Amino acid sequence: EAILKWSLPMVGKYKTNTIIIEPLANIAVSSYRNNFSVIPNEDSGNTELTQNNLFLSDRFTGFDRNEDGQRMTYGFKSSLFNDKVGQFNLGLGQSWHGKSKTQDVVIRGFNDNNKSNFVGELGYKAPQIFSILYNFQLNESNYRNDTNEVNTNLNYKRLSVGSNYIFIRKTVNNADVKKQLDLSIGFRITSKLLASIV
């Protein structure tokens, strides 16, 4: 496996604001001669492209499979920090892959061509009490938001409230529309004891 990575973090300050913009790019080339059909796949599940794994050289989750072929990823991450208002984050990127060996693990986020959807995240974190994070995939051909996930957290004194909402549209890789909402409520009784309802 050969990997070439490039990034250029740029930091600017204006009064009480700090802005960070970081363009990112990487190229990975790998080839595995193992016969995948005779090696059991125990721990490499299907992978969803997110900002957390978009710039990794191997996006398969386990050790039984390795991502094969030529890949290139490009995009940026940015943050704005303000002591009073809080922290804002924005990241966006896309991946390209060349021809590779057919494997029994799928990376969701690629359509029927070599380009992935645009993968991004948009977040806000208030000082101490509240945060919201929106993860998304924009269809690479029509820019429709095919995958949406919103996570929120509210912490006030001993009370904590969290939510997770997922909405996935019908696409080439997803036969049905999927919607799911999870809520959790927690109450800190002591410094070491937390009661929660999910």
Exposed-site-free run, longest, the chain (rule: trypsin sites (Lys or Arg not before Pro); DSSP loop; at most 10 other C-beta within 10 Å)
100-156
Compactness summary of the chain: radius of gyration and Dmax from Cα atoms, Å, are 19.8, 61
May I ask which residue of Leu194, Pro40, Ser57 lies farthest towards the positive end of the charge dipole of the chain, with charges of +1 (Lys, Arg) and -1 (Asp, Glu) on Cβ and the Cα centre as origin?
Leu194
Within the stretch 1-52, which GluC sites (Glu not before Pro) sit in a loop by DSSP and count at most 10 neighbouring Cβ atoms inside 10 Å?
Glu42
When the C-alpha atoms of the stretch 63-148 are aligned to their principal axes, what extent does each axis show, in angstrom, from largest down?
51, 34, 19
Using only alpha carbon pairs under 8 Å that are at least six residues apart, calculate the relative contact order of the stretch 1-88 and give it in whole percent.
35
Dipole magnitude of the stretch 1-148 about its Cα centre (Cβ charges: Lys, Arg +1; Asp, Glu -1), debye to nearest 20:
580
So which chymotrypsin sites (Phe, Trp or Tyr not before Pro) in the stretch 33-135 end up in coil per DSSP with only 11 or fewer other C-beta atoms within 10 Å?
Phe63
Leaving out ligands, DNA and RNA but keeping every protein chain, what accessible area does Thr16 have, in Å² rounded to the nearest 10, with a 1.4 Å probe?
90
Kindly sort Val119, Val106 by accessible area of their heavy atoms, largest first, with the probe set to 1.4 Å.
Val106, Val119
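The values are calculated or read from the model by the stated rules, or taken from the named source; none is laboratory data. The structure presented is a predicted model; accordingly, all values stated were derived computationally and were not measured. Heads up, the Cβs are rebuilt from the backbone with ideal geometry, glycines too, and the neighbour counts pull from every protein chain shown. Ligands, DNA and RNA are excluded from the accessible area calculation, which covers all protein heavy atoms including side chains. Shrake-Rupley method; radii C 1.70, N 1.55, O 1.52, S 1.80 Å.
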